[in-house]
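The values are calculated or read from the model by the stated rules, or taken from the named source; none is laboratory data. Small disclaimer: the values here were computed from a predicted structure and weren't measured. All Cβ positions, even for glycine, are placed from backbone atoms using ideal geometry, and neighbour counts span all protein chains on display. Protein only, heavy atoms only, side chains kept; ligands, DNA and RNA dropped before computing areas. Shrake-Rupley method; radii C 1.70, N 1.55, O 1.52, S 1.80 Å.
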Amino acid sequence: MLLKDEVEMLRRITLFSGLPPAKLKLLAFTSDRVMYSAGEDLFHQGDIGDAAYVILSGKADVLVSTPTGQLKVAEVEQNSIVGEIAILCNTPRTATIKTTTSLEALRIRKDDFLKLLADFPEMAVEIMRVLADRLSQTTSELTEARSRAQRVEA
Amino acid sequence: MEPRLSRYIWTHTRKAQLWILLIVALSMIPYFMSFDLPKQIVNGPIQGQGFETPGATQLFMPIAFSLPLIGEVNLFSGIELGRQGTLLALSLVFLFLVIINGLFKFYINTYKGRLGERLLRRIRFELVDRVLRFPPHHLKRVKPAEISTMIKDEVEPMGGFTGDAFVQPALLGGQALTALIFILIQSFWLGIIAAVIVAVQAVIIPRMRRRLLVLGRERQLTARELSGRVSEIVDGIGTIRGHDTSNYERADIAARLGRIFKIRYDLYQWKFLVKFLNNFLAQVTPFLFYSIGGYFALQGRLDIGQLVAVIGAYKDLPGPLKELIDWDQARQDVQVKYTQVVEQFSVEPLIDPKVQEISVAAPPTLSGALAAVNLTIADDGGAKLIEHVSFQVRPGETVAITGGTGGGGEALAEALGRLAWPASGRIVVGDEDIHELPEAVIGRRISYASSEVYAFQGSLGDNLLYGLKHAPLTEVVYEGDKAAHRRWELLEAKLAGNPSFDLNSDWIDYGAAGATGPKDLFGKIRAVLDVVLLTNDISALAVRSTINAVEHEAFASEIVEMRAALRRRLEAEKLSDLVVFFEPGSYNVEATVGENLLFGTVTDRARWELALESHPFFKTVLKRAGLHETFYGMGLEIAENVVELFRDLPPDHPFFQQLTFMTSEEIPAYEALLQRLRGRPLDEVSEEDAIRIIRLCFGYIEPRHRFGLLTDDLMQKIVEARREFSDGLPADLAGIIEHYQPNRYMASSSILDNVLFGRIGHKHTDGSDKIRAIVRDLFESLGLYNKVLAFGLDFDVGAGGKRLTAGQRQKLNLARALIRLSDFYIVNQPLLALDQRTQDQITRNVFAFLHDENRNPAIVWVLSNPALSELFDRVVHFENGRLVHEETVETPSKDSDYKELAS
């Protein structure tokens, strides 16, 4: 897969979809292409995050540790991004990503990503917009969940 | 130190000074004779005195004198010579005297020079010796650069002066006096005139020069301060830039330079005024001679030969006189400098030289307890860091000191390590004060490590073994020229009051590390490196270094053999895609196009660049292989991509580190070049431009850059062109490329690259970590790991150890203390640069290490993590400089634990 295909791929991810192609290309260029075989961890829950991964091909499970063992909470595949929260704020990884097939990903390092944001504020605004969208969505879901809970209590 | 320089010089060079004075006195005889000779020549053979009749002869050189009691003694009755014969004979005598005078001068100057250099060596050594004995509080106050300026520059003139200290006044005074007496003999009045002028010069000039001395002293002080400030700027550059105070520093330096300028300019003005006056006085005398002497001659009261001799002799008077005045000036000048330096180095209390006396024998073990008795330690300002602390460590006991920063534990540890001296109270071992015991005992039986590290410039290994170099332990046997040189060294060292310890001797005290000799020392080194977790760091440094493959032939061939082992290992672990190996017949996608084309590495970058630009070889080969046009197109593509990607970025952007094709400065140039070349076929492009484009290809790696430029066909062509490059390389490019050969060590590549013989794939996130672990493992299993570590120990740590990380430096420092077998280990938060987990790990390792092999040394450890205190026998807690709490740690007996578990 070439740089220009990666750019295509990045554009399909909501977080990056609003960015100008030239910036996406730079982002792709400064990122590493990495390969995993089935059953490998991209990262581990609790680790400090240093990169986000855009999955170019293949599939992986999102696993969360529970007292009874690891619980699969979701599955990710081509065109999705994982680990992006950890590169925006210094929180430990909230889940483990384990590949189920062989997988190819673009590894976006935290430093490079933040540097890009600092250099191109329009990019930061775009990211902020996406995050705000997500927040409002989460908030409305929370409100709904709360009201449901209240109804149950009542 | 002796406060007066002249006395210092006299004390140390008395015999030599007397000898040279004697020689100078002897040299006066031919000197005086050479004055009288011109008169004899002019009056005798030239003007005809004694040759009044034709054919008259004179006796040449009769040697006869009369002695009381014995009467006339006639040693040589002389030779009869005619007028011309006499002229020739006298002229030859004159020439002879010139040579004799010259030889005397040569001998005297050489002798004086040697004398001066010896004294300079003595002073410098004595000053450094004093630095080694300075009390700790003084060392905190002085600036290192000022000290080194004093030792290096400020004492230098003293060496030059030494030779002249007594000889110069004697010689010049003698010369001046000779000349004056000679003039007086020739003509009383002319002599008086000369004497009066000399007296005026001798009185006025030195007076005027006194001001020069004052200025000179100021110049010395300001220059020394300047050098101190400059070194402060260099050391503190991070702070200066970080706080944007560079302009404050500029102002400070400018002000200092301004002051120095003013002082120096004053100095010049005054100096030249003095010079003017001096010259004037010197020139006035001949005026008087010509006018008055000429008048006498006209009147017939003085013959012309006498006048010529007087004027000739006077020519020799201002010279010595001026030099004599200069000498006096120099004397006062160096005296001032000397006083200044001596003041700086006269510090009390200096450590007694006896304490630092060299001792070859192994010191006795310390059987008494190490104790602080009513100890108070104050900082420079007088604030008390610890107050009235009494504390004892028995041999074999382990004590943890807690209390954190400001508690006082660190100050106590520093005092135990002799870095801080007691303000009151004592530190004793048994019942002897540690400051009175020789360092040969204390410095070896007590080891101290803190987080303040000093690593000396040199190899890592030298730094590690630094604490074992107490005394020269072997007698080196020299032969032939070297033996003669050694004898000379010893003699000169003795004459200059330097010690004669042989630096070539083996200084490493193997016994002090628990080893028997160089052979089993490495085992000890390995053990301490493992303890402080430095082994991996060192092997990483080693594998990245290049070695001399000729010198280490056996090792190099073992490395070459490892290549196959690595392949097998990777296959076994199903990691074959981790490394793409170099194969002569196939393209290596993880290597650059350049590497693939040359199938080797460029050993001489500068020559390579030049050859690429101007040598026809590359172009011919590329053309023949059908790559010229392809590469041009590829280069254009790369340039387009790079310019597009990086155009908007500021030049110092970190992303440029990922740009391997060109530097950030070159981007605008390439942008312009692209504008010019776009849409033009290659044959219309100038040679120079084409090369600038083509060279971009050489750095291209498809999986890394992903521009999609390499096709299978192209890769095939590149592989085919390899042979041309290796076989057809013209003689003038020989040695520029080192070719990859599966069965040969590549001297210009690192050890790791030689083991891999390939490139690590980009696809694995932790590829290089994995490979490094595998390679390390292979080294271990093949028994090569220790050899690799030995290369790592050769790593140059740089000035102050700056090429190591802070953590590595602290580990090294701790290892340096641990490798010595001591009775007491004082450890003062040695690993602050490391994270807590590693610190704990190393602390536990150190405990296990020190209590291994039936050793039971005492340990005092200032802990930054109190949780570790369970390791110790006793915990001592400090607060506000006082020992507030002390408890014995209950160590649960292990046996009972097991019993409980078993039951």
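Hey, for a label at B:Ser505 modelled as a point 7 Å past Cα toward Cβ, could you say which residues of the range B:320-361 have their backbone N under 14 Å away?
Once the point is set 7 Å along Cα→Cβ of B:Ser505, B:357-361 turn out to lie under 14 Å by backbone N, inside the range B:320-361.
Take the alpha carbon gyration tensor of the range B:421-482, find the square roots of its eigenvalues, order them as a ≥ b ≥ c, and report rounded if a/c is under 1.5; if not, report prolate when a/b exceeds b/c, else oblate.
Values: a/c = 3.50, a/b = 1.68, b/c = 2.08.
Oblate.
Based on the Cβ-Cβ distance from B:Asp712 to B:Ser459, what FRET efficiency comes out when R0 is 41 Å, to the nearest 0.05? Please list the in-between numbers first.
Numbers: r = 49 Å, r/R0 = 1.18.
Efficiency, rounded to the nearest 0.05: 0.25.
For B:Arg224, B:Arg544, A:Arg129, give me the order by solvent-accessible area with a 1.4 Å probe, most accessible first, ignoring ligands, DNA and RNA. Show your work: numbers first, answer last.
Numbers: B:Arg224 10, B:Arg544 145, A:Arg129 120 Å².
Accessible-area ranking of B:Arg224, B:Arg544, A:Arg129, largest first: B:Arg544, A:Arg129, B:Arg224.
Pop out the ³J(HN,Hα) list for the range B:617-624 in order, Karplus 6.51 cos²θ - 1.76 cosθ + 1.60 with θ = phi - 60°, rounded to Hz; leave Gly and Pro as x.
Each residue's phi maps through the Karplus curve to give 4, 4, 4, 4, 4, 4, 5, 5 Hz.
Cα atoms only: what Rg and Dmax, in Å, come out for the range B:347-430?
My reading of the Cα-based Rg and Dmax gives 14.5, 41 Å.
Looking only at Cα atoms, what is the convex hull volume of the range B:156-225 per residue, in Å³? Walk me through the numbers on the way to the answer.
Numbers: hull volume 5.6 nm³, N = 70.
Output value, Cα hull per residue: 80 Å³.
Residue by residue through the range B:7-17, which ³J(HN,Hα) values in whole Hz follow from phi under the Karplus form 6.51 cos²θ - 1.76 cosθ + 1.60 (θ = phi - 60°), with glycine and proline marked x?
Values, residue by residue: 5, 4, 5, 4, 4, 8, 10, 3, 4, 4, 5 Hz.
Among all the aspartates and glutamates, which ones have a C-alpha under 20 Å from B:Lys717's C-alpha, if same-chain residues fewer than 8 places away are not counted?
List returned: B:Glu583, B:Glu590, B:Glu595, B:Glu629, B:Glu637, B:Glu702, B:Asp727.
Sequence neighbours fewer than 8 away in the same chain don't count; with that in mind, list the lysines whose C-alpha is under 16 Å from B:Lys152.
B:Lys143, B:Lys337
Evaluate the relative contact order of chain B (contact order divided by residue number), counting alpha-carbon pairs under 8 angstrom at least 6 apart; express in whole percent. Could the numbers behind the result be given before it?
Values: 1143 pairs, mean separation 151.5, N = 903.
That works out to 17 percent.
Along its three principal axes, how long is chain B when you only count alpha carbons? Whole Å, largest extent first please.
Answer, in whole Å and largest first: 129, 91, 59 Å.
Leaving ligands and nucleic acids out of the surface, order B:Ser726, B:Ser367 by accessible area at 1.4 Å, largest first. Don't skip to the answer; put the middle values down first.
Working: B:Ser726 50, B:Ser367 100 Å².
From most accessible down to least: B:Ser367, B:Ser726.
Could you work out what % of the accessible surface of the range B:419-526 is carbon and sulfur, using a 1.4 angstrom probe and leaving DNA, RNA and ligands out of the count? Please list the in-between numbers first.
Working: 3170 of 5890 Å².
Carbon with sulfur: 54 percent of the solvent-accessible area.
Residues with amide H under 5 Å of B:Val862's amide H, sequence separation 5 or more or different chain, H placed in the peptide plane at 1.01 Å from N; which?
B:Ile401, B:Val827, B:Asn828, B:Gln829
Considering all alpha-carbon pairs of the range B:100-188, what whole percent are spaced by more than 18 angstrom?
On the way: 2407 of 3916 pairs.
Above the 18 Å cut-off, the range B:100-188 has 61 percent of its Cα pairs.
Rounded, prolate or oblate: which fits chain A, taking a ≥ b ≥ c as square roots of the Cα gyration tensor eigenvalues, rounded meaning a/c under 1.5, else prolate when a/b beats b/c?
oblate
Going 7 Å from the Cα of B:Arg301 along its beta-carbon direction, which residues of the range B:185-209 have the amide nitrogen within less than 20 Å of the resulting point?
B:185-197
Would you mind checking the range B:63-100 for residues with the amide N under 15 Å from a putative spin-label position 7 Å along Cα→C-beta of B:Asp36?
B:63-66, B:90, B:93-94, B:97
How much accessible area does B:Ser864 have with a 1.4 Å probe, in Å² rounded to the nearest 10?
B:Ser864 exposes around 50 Å² with every protein chain in place.
Where both residues lie in the protein assembly as shown, what percent of DSSP beta bridges are antiparallel, nearest 5? Working shown, then result.
Numbers: 64 of 82 bridges.
Here the share of antiparallel DSSP bridges comes out near 80 percent.
Can you give me the accessible area per residue for the range B:593-740, using a 1.4 Å probe, in Å²? List each step's numbers first, then the result.
Numbers: 6950 Å² over 148 residues.
Ligands and nucleic acids excluded, the figure is 47 Å² per residue.
With a 1.4 Å probe and all protein chains in place, put B:Glu687, B:Glu553 in order of accessible area, largest first.
Values: B:Glu687 100, B:Glu553 130 Å².
Heavy-atom accessible area, descending, gives B:Glu553, B:Glu687.
Would you compute, from DSSP H runs of 4+ residues alone, the mean residue ellipticity of chain B at 222 nm, taking -39500 (n - 2.57) per run and dividing by the full residue count, rounded to the nearest 500?
Numbers: 32 runs with 503 residues, N = 903.
Using -39500 (n - 2.57) per qualifying helix, the result is -18500 deg cm²/dmol.
Starting from a Cα-only point model with no solvent, please compute log10 I(q)/I(0) by Debye for the range B:579-717 at q = 0.19 1/Å.
Rounded to two decimals, the profile gives -1.29.
Once the mean 1/r over all distinct Cα pairs of the protein assembly as shown is inverted, what Kirkwood radius in angstroms do you read off? Before the final figure, lay out the partial values.
Working: mean 1/r = 0.0260 Å⁻¹.
Mean inverse Cα-Cα distance, inverted, gives 38.5 Å.
Please list, by residue number, every one of the chymotrypsin sites (Phe, Trp or Tyr not before Pro) in the range B:473-510 that is coil in DSSP and has at most 12 other beta-carbon atoms within 10 Å. Each step should come with its number before you reach the end.
Numbers: sites: B:Tyr478, B:Trp488, B:Phe501, B:Trp507, B:Tyr510; in loops: B:Tyr478, B:Phe501, B:Trp507.
Loop-located and lightly packed - B:Phe501.
Once you put a point 7 Å from the Cα of B:Arg217 and another 7 Å from the Cα of B:Arg744, both along the Cβ direction, what distance in nm separates them?
Using points 7 Å along Cα→Cβ, the separation is 7.1 nm.
Loop-only check: which GluC sites (Glu not before Pro) in the range B:323-396 are DSSP coil with at most 12 other Cβ within 10 angstrom?
Working: sites: B:Glu323, B:Glu343, B:Glu357, B:Glu387; in loops: B:Glu357.
Sparse-neighbourhood loop GluC sites (Glu not before Pro): B:Glu357.
Roughly how many nanometres apart are two label points built 7 Å out from the Cα toward the Cβ at B:Asp683 and B:Thr57?
Calculated label separation equals 10.5 nm.
With angles folded into 0 to 90 degrees, how steeply does helix B:83-133 sit against the dominant principal axis of chain B? Use alpha carbons for both and round to 10.
So the inclination is approximately 40 degrees.
Going by alpha carbons, how many degrees (0 to 90, nearest 10) lie between the helix axis of B:304-315 and the longest principal axis of chain B?
Rounded to the nearest ten degrees, it is 20.
Do the alpha carbons of any pairs in A:Lys23/A:Lys115; B:Lys15/B:Lys322; B:Lys275/B:Lys315; B:Lys519/B:Lys802; B:Lys524/B:Lys787 sit beyond 20 Å of each other, and which pairs? Present the calculation step by step, with values, prior to reporting the outcome.
Details: A:Lys23/A:Lys115 12 Å; B:Lys15/B:Lys322 28 Å; B:Lys275/B:Lys315 18 Å; B:Lys519/B:Lys802 30 Å; B:Lys524/B:Lys787 14 Å.
Exceeds cut-off: B:Lys15/B:Lys322; B:Lys519/B:Lys802.
Quickly estimate the mean residue ellipticity at 222 nm for chain A, helices only: each DSSP H run with n ≥ 4 gives -39500 (n - 2.57), and the total goes over all residues, rounded to 500. All intermediate terms of the calculation are to be shown ahead of the outcome.
On the way: 5 runs with 67 residues, N = 154.
Helices in chain A give a 222 nm mean residue ellipticity of -14000 deg cm²/dmol.
Please calculate the 1.4 Å probe accessible area of B:Val373, with all protein chains present, and give it to the nearest 10 Å².
Looks like 70 Å² after rounding.
Please calculate the 1.4 Å probe accessible area of B:Trp19, with all protein chains present, and give it to the nearest 10 Å².
110 Å²
Using a simple spin-label model with points 7 Å from Cα along the Cα→Cβ vector, what separation in nm is obtained for B:Gln356 and B:Asp235?
Using points 7 Å along Cα→Cβ, the separation is 1.9 nm.
Checking an interface number: how much accessible area is buried between A and B, summed over both chains, with a 1.4 Å probe, in Å² rounded to 100?
Working: alone 8940 and 47390 Å², together 54360 Å².
The summed interface area works out to 2000 Å².
Loop-only check: which trypsin sites (Lys or Arg not before Pro) in the range B:245-333 are DSSP coil with at most 15 other Cβ within 10 angstrom? List each step's numbers first, then the result.
Working: sites: B:Arg250, B:Arg256, B:Arg259, B:Lys262, B:Arg264, B:Lys271, B:Lys275, B:Arg301, B:Lys315, B:Lys322, B:Arg331; in loops: B:Arg301.
Here the trypsin sites (Lys or Arg not before Pro) that fit, given the DSSP loop and packing criteria, are B:Arg301.
Calculate what fraction, in whole %, of the accessible area of the range B:38-184 sits on carbon and sulfur atoms when a 1.4 Å probe is rolled over the protein chains.
66 percent
Between the helical axis of B:605-614 and the dominant principal axis of chain B, each derived from Cα atoms, what acute angle in degrees is found, rounded to the nearest 10?
In chain B, helix B:605-614 runs at an angle near 90 degrees to the longest axis.
Give the calculated FRET efficiency between B:Ala773 and B:Met1 to the nearest 0.05, with a Förster radius of 51 Å applied to their Cβ-Cβ distance.
Numbers: r = 59 Å, r/R0 = 1.17.
So the FRET efficiency works out to roughly 0.30.
What FRET efficiency, computed as 1/(1 + (r/R0)^6) with R0 = 56 Å and r the Cβ-Cβ distance, is obtained for B:Ala554 and B:Trp10, rounded to the nearest 0.05?
Numbers: r = 62 Å, r/R0 = 1.10.
Using R0 = 56 Å, I get an efficiency of 0.35.
Any lysines with Cα under 25 Å of the A:Lys59 Cα? List them, leaving off those in the same chain fewer than 8 positions away.
Partners within reach: A:Lys4, A:Lys25, A:Lys72, A:Lys98, A:Lys110, B:Lys574, B:Lys763, B:Lys770.
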